[in-house]
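To start, the structure under review is shown below, and the notes come after it.
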Amino acid sequence: MPLPDPATSHSSLASLTSLHSLLKFIEHRIWVAVGCCALATASTVALARRAHAQAGLLLLTASALMLAAVLLDLAPEAWHETVLLGVPGWLPPAVALASYGVVGLCTRGHGRARRHPGHAPGRHRRLTETAGVVSAGLGTAAALGVHRVMEGTTLALILSVPVFLALLVLSVGNGLTLGVMLQDSGRDPLPWLALACLGPALGVLLSVLHPFPEVLLPSALAVVAGIIVRHAVVGLRLAMRRHGNGRPPHWHLATATATVLATGALLLAAH
């Protein structure tokens, strides 16, 4: 019986070591994903605050990215899980509409303009609308916190490359929108940034300590989708109001379209 080749044995041992390292990495993949989402949020908040002169373009691009992630990934994933788990088909759309409506009610009253002496025309209205989304209002803070926590819960329940990429895209969109709005309202960015970055980690911790039933996954995805769509709609409105005629320049539209098409191709390729 021939003896094993030492070179072959060494190669097999190296392969096993590499496989073990890969498995150890996969064990911590949730935290890697959470860290990537937090880094994407923090970096895009900083970018938006530095490039505030192009706030309209940033808001338009961020809103389009968030809508693309919902339409190309979260909504199909929610429907797939609904069919797979035998959840009533009406439940996820109802949950998404409810979460959209709750966030809308929390911010609706803040978007009205009030005239105050000493304010430039249109300035107070823009700042008031902005404050309705990212000010210290409890409802908006809760919506942002719930959204980020639910992202972490989603990662813990179903972590895959498409879901991770979708949440990464959402983190970029959230960061851009949050950076612009905080700059407009003059708010301290640190508390809001901490909330946005630590929310997914909190969701993962909650899922680890008290595992969620898989049957809740479609509803969790629906909550995230509803909140995201609402924030995207508000971002689009603010982007349009940055221009006197309510229409962004053509190069803004072209840039946002190109970014969304590239992102959509990436998400579809991941699937």
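Some observations on this one:
- Qualifying trypsin sites (Lys or Arg not before Pro) in region 173-271, where qualification requires a DSSP coil assignment and no more than 13 other C-beta atoms within 10 Å, are lacking entirely.
- Sequentially through region 255-271, phi angles give Karplus couplings (6.51, -1.76, 1.60; θ = phi - 60°) of 5, 5, 5, 4, 5, 5, 5, 5, 5, x, 5, 5, 5, 5, 5, 5, 5 Hz, Gly and Pro residues having no value and appearing as x.
- Between the alpha-carbon centres of region 188-233 and region 69-106 there is a gap of 14 Å.
- With Cα atoms as the point set, the radius of gyration and Dmax of region 201-271 evaluate to 17.8, 52 Å.
- Charge context of Ile158, other residues only, Cβ under 9 angstrom, K/R +1, D/E -1: -3
- Taking all protein chains together, Thr259, Thr82 sort by accessible area into Thr259, Thr82, largest first [probe 1.4 Å].
The values are calculated or read from the model by the stated rules, or taken from the named source; none is laboratory data. Everything quoted here is computed from the prediction, not taken from an experiment. Every residue, glycine among them, receives a Cβ derived from its backbone with ideal geometry; neighbour counts consider all protein chains shown. Accessible surface is based on the protein model in full, side chains and every heavy atom, while ligands, DNA and RNA are left aside. Shrake-Rupley method; radii C 1.70, N 1.55, O 1.52, S 1.80 Å.
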